Amino acid sequence: MPARTLHTAGITGVGMDFPERRLTNADLEKMVDTDAEWIVERTGIKERRIVEPGTPASHHGEGAARKALEHARLTPEDIDLIIVPTVTPDMIYPATACLLQDRLGASNAWGFDLSAACCGFVYAMQTARAQVEAGFARRVLVVGTEVMSVIVDWEDRNNCILFGDGAGAVVLERLPEGEVGFIDSLLWVDGSGADLLKQAAGGSLHPASHETVDKKMHYLYQDGREVYKHAVRGMAKVTVDILERNGIAPADLRLMVPHQANNRIIEAAQRRAGLTPEQVMVTIDRFGNTTSASIPSALRVAVDEGRLKRGDLVVLCAFGGGFTCGANLLRWTAD
Ligand code: COA
């Protein structure tokens, strides 16, 4: 039996902020041995945004947060919790949530970073929702922000074509009584996949040394082919399972907003879940894989394109390093 909840939570604001600088597939052809058409065919990516050198994750995180607050008609002082899912925090510590609290002037908030790789936003949403439903927080800011370009090896053609920088944020807040927003989450971890997608050095296992730098251990490592297989299975399964266990027919879902890692992964998950292409949000063509920023920014694009209206049923789903996997089911409660 599900736990009795005291309140309901829903999204009331969404924002995104991306660097101006575009890196196209044609630009990549000049950097590594690749082919623009190959990249589009295998991934769906046409271009990605890259920060100006020296720009930390908190920069575009702040921009996205301010836009989400504006959308929710709130000020930073209204926020009582900031959660920042990210794999590229400004520093190991203090948490980027602390830096954002200060940048925003969110003087009534506590906060922390959350490490769940590409699944970070979905995990953060469940964490935020639990705080609101239990009555511990009234308004939570969830800010997915990444500077993937600093952990990508720009000589590794297998991976450098995939990632981009940017930020997306939502405000999740307590809803008036009787209104339904957040419905369900389904989350899991499979740590046996840890070695297939990782940034090995910089932690306590492999602290920074000349050796870790020489061996490129501070860069993202991925066995793309293996991760691909797991990602297709995982994303499809959580989407099917969360719809089934809530008695929702695929046709009744307005939008699936998947993590944007590879368009072929998204298409396979869409087909397995019995959804039409029109029911799926795709932004990977313009932004690449922005890790924890991909779902909130895709939500913002969906609103801007008129693809989300109040009351619509939405599934967010993701798969990432860890392995981490999960889905959130909710009714859209923002304007
Ligand atoms: N340009 C041209 N050729 C490339 C290339 C590039 N940028 N990168 C790799 N290739 C080559 C490979 O070396 C391989 O050649 P080989 O067979 O001689 O070794 C060939 O293209 C095909 O590689 P393959 O791995 O079969 O391609 P793919 O269709 O699986 O696509 C990825 C590769 C990385 C795009 C794909 O595996 C992928 O998206 N993986 C998962 C990524 C992901 O989702 N990560 C995040 C999870 S959150």
- Out of all DSSP beta bridges with both ends in the chain, state the antiparallel percent to the nearest 5. 70 percent
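Using just the Cα positions, wrap the stretch 47-105 in a convex hull and report its mean projected area in square nanometres, one decimal place.
Numbers: hull surface 19.6 nm².
The directionally averaged projection comes out at 4.9 nm².
If R₀ is 41 angstrom, what is the calculated FRET efficiency for the pair Arg233 and Thr75, using the beta carbon separation as r and rounding to 0.05?
0.40
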- On full extension of the chain, what length is gained from Arg138 through Asn158, given 0.36 nm per residue of separation minus the C-alpha to C-alpha distance? 2.9 nm
- Note on the structure: Along the stretch 302-309, Karplus-curve 3J(HN,Hα) (6.51, -1.76, 1.60; θ = phi - 60°) to the nearest Hz, with x for Gly and Pro, reads 4, 5, 4, 8, x, 9, 9, 10
- Roughly how compact is the chain, stated as its Cα Rg over 2.2 N^0.38 Å to two decimals? 0.94
- Task: Determine how large the accessible area of Trp154 is when every protein chain is in place; take a 1.4 Å probe and give Å² rounded to the nearest 10.
- Result: 70 Å²
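I'd like to check one number: the per residue accessible area of the stretch 238-335, probe 1.4 Å, reported in Å² as a whole number.
Numbers: 3050 Å² over 98 residues.
Result: 31 Å² per residue.
With the Cα gyration tensor of the stretch 9-174 in hand, give its eigenvalues times 5 under a square root as the equivalent ellipsoid semi-axes, listed largest first in whole angstrom. Walk me through the numbers before you get to the answer.
Details: eigenvalues 206, 44, 38 Å².
For the stretch 9-174, the semi-axes come out at 32, 15, 14 Å.
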- Over the heavy atoms of Lys216, what accessible area does a 1.4 Å probe trace out, to the nearest 10 Å²? 80 Å²
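Give, as a single signed number, the net charge of other residues whose beta carbon lies under 13 Å from the beta carbon of Trp188, with Lys and Arg counted +1 and Asp and Glu -1. Don't skip to the answer; put the middle values down first.
On the way: positive: Arg233, Lys237; negative: Asp190, Asp241.
Net local charge, Trp188 excluded: 0.
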- Provide Met148, Met91 ordered by accessible surface of protein heavy atoms (probe 1.4 Å), highest first. Met91, Met148
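Quote the Stokes-Einstein diffusion coefficient, in whole µm² s⁻¹, for the stretch 206-266, based on the Kirkwood radius over alpha carbon pairs, a temperature of 10 °C and a viscosity of 1.306 mPa s.
D, rounded to a whole number, is 108 µm²/s.
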- Note on the structure: Full extension between Arg254 and Glu20 adds, at 0.36 nm per residue less the Cα distance, a length in nm of 81.2 nm
- Item | Candidates Glu133, Glu47, Glu179: whichever shows maximal mean-square fluctuation once the chain is modelled as a Gaussian network with Cα springs under 10 Å | Glu179
- Message: In Å and on Cα atoms, what radius of gyration and Dmax does the stretch 84-185 show?
- Response: 15.7, 54
- Task: Any chance you could count the Lys pairs in the chain whose alpha carbons are under 24 Å apart, treating pairs 8 or more apart or on different chains as valid?
- Result: 9
- Protein accessible area in the stretch 9-174, 1.4 Å probe - carbon and sulfur %: 49 percent
- Note on the structure: Over the chain, the sum of -39500 (n - 2.57) across DSSP H runs of at least four, divided by residue number and rounded to 500 deg cm²/dmol, gives at 222 nm -9500 deg cm²/dmol
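Rounded to the nearest 0.05, what FRET efficiency do Asp214 and Val32 give with R0 = 25 Å and r taken as the Cβ-Cβ distance? Could you check? Working shown, then result.
On the way: r = 20 Å, r/R0 = 0.81.
Computed FRET efficiency for Asp214 and Val32: 0.80.
So for the stretch 184-335, considering every pair of alpha-carbon atoms, how many percent are separated by more than 24 Å? Write down the numbers at each step before the final one.
Details: 4197 of 11476 pairs.
Tail fraction, whole percent: 37.
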- Query: Sequence-distant or interchain residues sharing an amide H contact under 5 Å with Gly321, placed H: which?
  - Reply: Cys118, Cys119
- Roughly how many Å is it from the Cα centre of the stretch 295-335 to that of the stretch 71-146, as a whole number? 17 Å
- For the stretch 9-174, what is the accessible area per residue in Å² when the probe is 1.4 Å? 40 Å²
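The values are calculated or read from the model by the stated rules, or taken from the named source; none is laboratory data. On a predicted model such as this, the values are computed, not experimentally measured, just so you know. All Cβ positions, even for glycine, are placed from backbone atoms using ideal geometry, and neighbour counts span all protein chains on display. Remember, those area values only see protein heavy atoms, side chains included, never the ligands or the DNA or RNA. Shrake-Rupley method; radii C 1.70, N 1.55, O 1.52, S 1.80 Å.
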